[in-house]
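Here the structure comes first, spelled out in structure tokens, and everything after it is commentary.
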Amino acid sequence: MKVAVQTEPFDLNAEVAALYRANPKVGAVASFLGITRDVNAGQGLAAMTLEHYPGMTERALERICREAAERWPLLDVTVIHRVGELKPTEPIVLVAVAAAHRGEAFAACEFIMDYLKTRAPFWKKETTAEGGKWVDARESDETAAARWSGSSQDRGNSRGS
């Protein structure tokens, strides 16, 4: 498992390849790449600044990844989240999951992203023409995370590949 919180950009292809190259048991890698948009809630964004609690944030991400591994038979996980000032079109977050089958990889990737949005201590400030403002948590993120409280059979791992 790799968890990193960093200011530097990451190489999507290299990170995904690292999940499967050394393990012939990997049959699927599912990934999510979050990108900084230029508009939010109808306002143009010049930049977004992400802050976190060093140490605490990494531990929270590790807990989320371990919980995913308890729910699905995962072979490896990578989560990289950037902090600092990001401009539109810059990658913010990568969640990549390796498993023997696609069902587990897809479900775990989505689970990790949903929980990351609601359980990891990040704070987002958006800079627009009117200045900067801190962004509140979204109810839609809480709703997405809440759907994972059902049984594992309801989460997409009942089929093989």
**Report entry** Contact order normalised by residue count of region 2-149, Cα under 8 Å, 6+ apart, percent
**Finding:** 33 percent
**Report entry** Residue among ARG37, ARG138, ARG59 with the largest mean-square fluctuation in a Gaussian network model of the chain, springs linking Cα atoms under 10 Å
**Finding:** ARG138
**Report entry** Candidates MET56, MET48, MET113: whichever shows maximal mean-square fluctuation once the chain is modelled as a Gaussian network with Cα springs under 10 Å
**Finding:** MET56
Query raised in the report: Roughly what would the spin-label model give for PHE32 and ASP11, points 7 Å off Cα along C-beta, in nm?
Result: 2.6 nm
Query raised in the report: Taking 0.36 nm per residue of separation and subtracting the Cα-Cα distance, what length does fully extending LYS125 through GLU90 add?
Result: 11.1 nm
Report task. Would you look at the GNM of the chain, springs on alpha carbons closer than 10 Å, and say which of GLY55, GLY84, GLY27 moves the most? Result -> GLY55
Query raised in the report: Counting Lys and Arg as +1 and Asp and Glu as -1, each charge on the Cβ, what is the dipole of the chain about the Cα centre in debye, to the nearest 20?
Result: 400 debye
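Just so you know, all these numbers are worked out from the coordinates, no wet-lab data involved. None of these values were measured; they are calculated from a predicted model. Neighbour counts run over all protein chains shown; Cβ positions are idealised from the backbone, glycine included.
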